[in-house]
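Just so it is clear, none of the values below were taken in a lab; they were calculated from the coordinates. Fair warning: this is a prediction, and the values are worked out from it, not measured in the lab. Positions of Cβ are backbone-derived with ideal geometry, glycine not excepted, and every protein chain shown enters the neighbour counts.
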2 protein chains.
Amino acid sequence: MKKFINHVDDFLAESLAGFAAAHADLVVLNNEPVFVRRKVLKPGKVALVSGGGSGHEPLHSGFVGHGMLDAACPGQIFTSPTPDQMMAAAMAVDTGPGVLFIVKNYSGDVMNFEMASEMSEVQNAIVLINDDVAVEDSSYTTGRRGVAGTVIVEKLVGSMAESGASLEQCKAFGDRINKCTASMGVAFTSCVVPAAGTRTFKIGDDEIEVGVGIHGEPGRRRAKMAPADAIVAELLSAIVDDLKPQPDAELLVLVNGLGGTPLGELYLLFNSTRAWLGQRGLNIGRAQVGALTTSLEMAGASITLSVLDDEMKTHWDSAVHAPSLRWGM
Amino acid sequence: MKKFINHVDDFLAESLAGFAAAHADLVVLNNEPVFVRRKVLKPGKVALVSGGGSGHEPLHSGFVGHGMLDAACPGQIFTSPTPDQMMAAAMAVDTGPGVLFIVKNYSGDVMNFEMASEMSEVQNAIVLINDDVAVEDSSYTTGRRGVAGTVIVEKLVGSMAESGASLEQCKAFGDRINKCTASMGVAFTSCVVPAAGTRTFKIGDDEIEVGVGIHGEPGRRRAKMAPADAIVAELLSAIVDDLKPQPDAELLVLVNGLGGTPLGELYLLFNSTRAWLGQRGLNIGRAQVGALTTSLEMAGASITLSVLDDEMKTHWDSAVHAPSLRWGM
């Protein structure tokens, strides 16, 4: 295993310390329990708290900041954070109107966030993200997994919260975005979890895992390597079958790198995506290309589509200032 | 070879088409000859034109925009662009006060940019970047290589040009930044150039290449895998030996991913970097962590330091709006 690590047990602490130091203008790192919070809170604003296993950076810590999250709770690599992290984070960032927990659908995360939700003295609600159309049920999930669509929910609901919406409104908006958002990914290689030291799964030099999960969970099928256009067609067919957008629908497209795939290939995927959508009369209203929800150094990518409405467009375009997503300020 | 590609020969064109479509608010792609230019030029501003082999994305196309480059000329992967690309780009973005070519020190790039500089009817000057302290002379270079320090030059001189400085002032500023900027990298894996289809170099499962070039050129030594702190100490020792910063110097630190290294590891490297610098009384004035100058999917990273002065800090902090670097607007 070749990674920039001193001791495996210290990896997360040292990485978070570096993150907090690099972005000291925006975030503060809390230890015992561990969470990252906005340096300056906005009194009276519904607070957004997310979290999950580490290894998906910049998700979630990289999205703590103005117009997105108020706090993120990082677990160990690919391991849920604990309820005490979530409760302490919620307590730290609530200024009165309550906390919305944004939770990716993995059994451990769901169990722990639900426990935190029940035990917390802070008024709260949960939005559950399950945008991955690849498979029903998976290694760590009952029902569909939550993947890169989470970034879209965090951006849009973050903007709505910033504009002064209530907890109820934010929760309803989050649920609505989740329903009109779908993703699917493909892996060329496995990642290596530092504590394991070996590849999560084996895959041949000419094989790809279509519908892979962001922890290396199996997808729909193991296939032979194929041209980008064919891979994109398979991913988009599954996504569009699920979303069933109207013929005049306007879409938000997120081409997401899983960690080990060069940016130039992600732009090529976006090019294939817009060709495929264009042939079907589907319009791209907004686009984002980059590694926003990763699986350590896994080579591969995912595509996410959201069916946009005017409210979503407004909240997508609004200013955001987080370590890994910034515009308008 | 597993990459998101349709046909190797079409990779660059399709990737650039996707890039231009994703950032149509900012850039325009010119074909025959190929270059990326700002959509809206600022009349009377010195124009900055860079370029080089592709495969280092987001360098350079991702830095075309307000406060940075006016045009970028992408060559084939790891291959210099041609003089006609550079001359056409210069002609397209010059609004009168001339063009500054920002060139990384590789023999092919230098030869072609010098030819473009001589043949161009546009008033112009060249800033040559040679920030890599790893080795004197290399596979494709006489003298030191130009690597991630290029991003710093592009940001700072871009800001100065935006503020209305003359071609002479921009050239002098670029040369000055280059002199106070030094970098060194390390690779864990090779990348695979699509047209070759095989790894550029072989490296053992327990080996690292210390001082690697951004095309996989040999560095100072092939070493055994080591803790992050030890790797950082070796890179920073070489950089600081070269820069010889004053004891009260304020530094710009860029921890740059080479493509295949997760963001969490880059933040850990930044943490090691600030500890090492802190022990020597060196202050970090500005910091940037991310994959800005890559070598396709190579796992590894580089560290760049610039010795800051007030003028450099002002131009670092100024607004920038390019596809891959954005703040203040």
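Here are the numbers for this structure:
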| read-out | value |
| --- | --- |
| Charge sum, other residues only, whose C-beta stays under 12 Å from B:V93's C-beta, Lys/Arg counted +1 and Asp/Glu -1 | +3 |
| Cα-Cα P(r), segment A:181-320, percent of pairs per 10 Å interval | 12, 42, 32, 12, 2 |
| Distance between modelled label sites at A:T198 and B:E207, nm, 7 Å Cα→Cβ extension | 2.4 |
| For chain A, built as a Gaussian network whose Cα springs stay under 10 Å, the top-fluctuating residue of A:A165, A:A71, A:A230 | A:A230 |
| Leading residue at positive end of dipole, segment A:84-153 (Cβ point charges), from A:F113, A:V133, A:M86 | A:V133 |
| Pseudo-label separations to other copies for A:G204 - Cα-to-Cβ vector, 7 Å, nm | 3.1 |
| Innermost chain A residue relative to the axis carrying A onto B, by Cβ distance in angstrom | A:G260, 2 |
| Straight-distance crosslink candidates among lysines, where the alpha carbon sits under 19 Å from B:K42 and sequence neighbours closer than 8 are dropped | B:K155, B:K171 |
| Contact order relative to length of segment B:8-179, as percent, for alpha carbon pairs under 8 angstrom and 6 or more apart | 20 |
| GNM top mover of A:A134, A:A161, A:A21 - chain A, alpha-carbon springs below 10 Å | A:A21 |
| 23 Å Cα-Cα threshold exceeded, pairs from A:K3/A:K39; A:K179/A:K244; A:K3/B:K224; A:K202/B:K3 | A:K3/A:K39 |
| All Cα pairs of segment A:11-179, percent lying beyond 19 Å | 49 |
| 20 °C / 1.002 mPa s Stokes-Einstein diffusion coefficient of chain B, Kirkwood radius on C-alpha pairs, µm²/s | 109 |
| Local electrostatic count at A:F113 - Lys and Arg +1, Asp and Glu -1, tallied over other residues with Cβ under 13 Å | -3 |
| Point-charge dipole on Cβ atoms (K/R +1, D/E -1) for chain A, about Cα centre, debye to 20 | 440 |
| Measure of compaction for the protein assembly as shown (Cα Rg per 2.2 N^0.38 Å) | 0.91 |
| Top of B:P262, B:P97, B:P247 by mean-square fluctuation, Gaussian network on chain B, Cα under 10 Å | B:P247 |
| Label 7 Å beyond Cα on the Cβ vector: A:D9 copy-to-copy distances, nm | 5.8 |
| Euclidean distance of C-alpha centroids, segment B:156-174 and segment B:72-140, integer Å | 17 |
| Shielding by partners, peptide A:6-12 (average Cβ within 10 angstrom, other chains) | 3 |
| Segment B:1-53 and segment A:198-237: distance between their alpha carbon centers, rounded to Å | 29 |
| Rounded FRET efficiency, nearest 0.05, which uses the C-beta distance separating B:S166 from A:R220 and R0 of 41 Å | 0.10 |
| Neighbour net charge for B:A21 - beta-carbon separation under 14 angstrom, K R +1, D E -1 | +1 |
| Peptide-level mean, for B:187-200, of C-beta atoms on other protein chains within 10 Å | 1 |
| Estimated 222 nm signal from helices in chain B, with DSSP H stretches of n ≥ 4 weighted -39500 (n - 2.57), rounded to 500 | -10000 deg cm²/dmol |
